[in-house]
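The values are calculated or read from the model by the stated rules, or taken from the named source; none is laboratory data. Worth saying up front: this structure is predicted, and the values here are computed from it rather than measured. Positions of Cβ are backbone-derived with ideal geometry, glycine not excepted, and every protein chain shown enters the neighbour counts. Note: areas computed on protein heavy atoms with side chains; ligands, DNA, RNA excluded. Shrake-Rupley method; radii C 1.70, N 1.55, O 1.52, S 1.80 Å.
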Amino acid sequence: MAQSSLTVAASVVAVLAYALALVEHERLAAVVRWSLPVGWAAHGAAIVLEASGVGAVHAGARFGFAPALSVTAWLVLAVYGIESRQVPLPGVRRVLALLGLCAVGLALFFPGEVRPHLTSPWMPVHWVLGIASYGLFGAAVLHAALLTNAERKMRGPRAAVPAAPTGLPLLKLEKLTFRFVEAGFVVLSAALLLGWWYASPWRWDHKTLFSMLAWLVFAALLAGRRAFGWRGRMATRWIYTGAALLLLAYVGSRFVLEVLLTRAAGPV
């Protein structure tokens, strides 16, 4: 099912702006500085246009691995935009621009499917909570990566003052990382409880299994931090593991259904 021309146009603008944000050139510094916010705004416009169904034959949000990644990337970029106003994060800009570029590009080629007939009126809420947890844990992974990079530099031959590459003190960065983990855990718990409540019957499929495993990993991480003071490499490894499991829960299963199995089946 093709996307509307308005959605495609906004997506193309987002892709071009994100691509420009990857450029490093002194003469284009002023333009490049604004390219990421422009890409983020166009990216958000594409998501809203697609969800509202403006210009489309069938209205409604699309479900699929690429739309989920697109919304997740947009949320992570939103967190970056808020944080960068208070703390400079120059080393992260290009990484996030590449993330946005890939996410929007995938959503263009794999737009997912519209589900006009929902199994429950609570399903959209469940989906929003699930995607919100993806965004929060994505932000946690971003900050965990900054922690990992900072600790690697501290252990090097030129170890200096304990601060992240962004100038943010490590303890503050670590605290911020766990705030995102805690918020994501609360939202994920709400999504799972809501899914269990409206699902009839409850099914132990791949999505449910990986979601529960991710929930257990994050629960163990928060419990371990509170009881044993887990931090550093121990904590970041748990964050990466839980995020990977959560990514497999919906994005991974939908990718298999939409891409791998579709190609294996061939044209009908």
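Some values worked out for this structure:
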item	result
Test result for residue 66, open to solvent by less than 30 Å² (accessible area, probe 1.4 Å), at pLDDT 95 or above, assigned to a helix (DSSP H, G or I) and not hydroxyl-bearing (Ser, Thr, Tyr)	no
Residue that is modelled with the highest pLDDT [pool: residues in the range 15-36 that are open to solvent by 60 Å² or more (accessible area, probe 1.4 Å) and of a type outside the set (A, V, I, L, M, F, W, C)]	33
Scope the range 223-251; condition among the hydroxyl-bearing types (Ser, Thr, Tyr), in contact (Cβ under 8 Å) with a residue 40 or more places away in the chain and open to solvent by 60 Å² or more (accessible area, probe 1.4 Å); matching residues	240
Residue count for the range 109-141, restricted to those that are at pLDDT 85 or above, buried (at least 16 other Cβ atoms within 10 Å of the Cβ) and farther than 23 Å from residue 80 by Cβ	4
Boolean, residue 106 is in contact with a Phe, Trp or Tyr (Cβ under 9 Å, 6 or more places away or on another chain), surrounded by fewer than 22 Cβ atoms within 10 Å (Cβ to Cβ), of a type outside the set (Lys, Arg) and at pLDDT 90 or above	yes
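Yes/no matrix, rows are residues, columns are (1) under 28 Å from residue 63 (Cα atoms); (2) in a helix (DSSP H, G or I); (3) of a type outside the set (A, V, I, L, M, F, W, C):
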position	(1), (2), (3)
11	yes, yes, yes
16	yes, yes, no
19	yes, yes, no
24	no, no, yes
30	no, yes, no
34	no, yes, no
41	yes, yes, no
